[in-house]
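The values are calculated or read from the model by the stated rules, or taken from the named source; none is laboratory data. Everything numeric here is computed off the predicted structure, so don't read it as measured data. With ideal geometry, Cβ positions are generated from the backbone for all residues, glycine too; neighbour counts draw on all protein chains shown. Keep in mind that these areas ignore ligands, DNA and RNA; they rest on the heavy atoms of the full protein, side chains included. Shrake-Rupley method; radii C 1.70, N 1.55, O 1.52, S 1.80 Å.
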Amino acid sequence: MINDEILEQVIKLIQSSNFIVAVTGAGVSAESGVPTFRGKDGLWKQYDATQLATPHAFKKNPKLVWEWYSWRINLIREAKPNPAHICLSKLESNGLLRTIITQNVDNLHQRAGSKNVLELHGNIFRVKCTSCNYKAKIEKAPDQIPPLCPKCNSLLRPDVVWFGEFLDVEILHNAYSLASKADLMLVIGSSLLVSPAAELPNITLKHGGKVIEINLDETYLSPVATISIRTKAGEFFKALCEKLKL
Ligand code: OAD
Ligand code: ZN
C-alpha cells in the first residue's frame, strides 16, 4: 500500500520543481518480468558475471555469451512496459520530467513512449562490430550464433557496456550535467552498487537538488535521500499518475 501522505509530499515536490530527472535501474522493469541483477532471484545470483558480461568472457567464449544474451533478448522482447514506465512517459509528455537516465538495456522506457532516454549501459536490441564501425538495430536474437559483421566478417557483439569497460564519454558527460542541473531526481529500482551511475544522486544532492528514492530495498542513498520509499515501482507510479490524473 502506498501511504497517502507520502504521495502528497512527492506530488508537492514534483509540482514545485523545474528540472526533474529520473535515474532508473533493473527494479523498474522487475514488474514487467525482466529479472534484476542483485535483488531476490537476481541474475548475478544464478550466473557468473565474469563469464558472461566482460570483454574477456566474450573473447574466450563468444558463443556462450551470445547464448545468454539471446535468451535475455527473447525474454525482454516478450515483456511489456509496466505502470512505472508508463507513468514516467506521461510525466515527460506533460512537461514534468526532462529525461530518464537509465542503466537498463531493455528499451522498455522507449516502448512506453519516453522520448528523452539516456542509456548509460547501451541497448540489448543493438549490435556492434568488434573490428569496424558497423552498428545495427536488431528485433530478435540473431539466427546464427555468434553473429558476424556483414561489412568485415568479424564477430558482432551486443552494444552494451560490460564490466571493465568505460561508458561512452559523451553520454556520461550528459548524465553528470543533468544530475547537476536537476532540482529533483527520482531514483527508481537501482541497488546503486555500480558506478558511475551510483554517483548521480550524490551530484544532485551536492548541487542542492532533492532526491526521491523508490526501491524495494535500502541502498546507500536511503538515509540521505529527501524521501525514500520502500515500494514496488509499478505500484508507486500507478498511484502517482492516478493521483495526478495522468
Ligand atoms: P540491481 O539488480 O543491482 O538492483 C535492482 C534494485 O531494484 C534492487 O535494489 C532491488 O531491491 C530493487 N527492486 C527490485 N524489484 C523492484 C520493484 N518492483 N520496484 C522497485 N525496486 C525494485 O540493478 P541495477 O542497480 O540496475 O550493468 O544494476 C546496475 C547494473 O549492474 C546493471 O545495469 C548491470 C548490472 O550488472 C551491466 O551489466 C554493466
Ligand atoms: Zn565489421
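Points to keep in mind about this one:
- Restricting attention to segment 148-173, the residues being within 11 Å of ligand 2 (Cβ to nearest atom) and touching a residue at least 24 places away in the same chain (Cβ under 8 Å) number 4.
- Residues located in segment 133-184, provided they are assigned to a loop (DSSP other than H, G, I, E, B), within 16 Å of ligand 1 (Cβ to nearest atom) and under 30 Å from GLY208 (Cα atoms): PHE166, LEU167, ASP168
- The set of residues in segment 160-199 that are of a type in the set (Asp, Glu) and in contact with a Phe, Trp or Tyr (Cβ under 7 Å, 6 or more places away or on another chain) contains only ASP183.
- Scanning segment 164-186 for residues that are open to solvent by less than 50 Å² (accessible area, probe 1.4 Å), out of contact with any helix residue (DSSP H, G or I) (no Cβ under 8 Å at 6 or more places or on another chain) and among the polar types (S, T, N, Q) yields a single hit, SER177.
- Within segment 119-145, the set of residues being among the hydroxyl-bearing types (Ser, Thr, Tyr) and either closer than 20 Å to ASN104 by Cα or open to solvent by less than 60 Å² (accessible area, probe 1.4 Å) (or both) comprises TYR134 only.
- Applying the criterion of at least 1 residues that are modelled with pLDDT under 95 and out of contact with any His (no Cβ under 9 Å at 6 or more places or on another chain) to the helices (runs of 4 or more DSSP H) found wholly in segment 26-129 leaves 43-46, 49-52.
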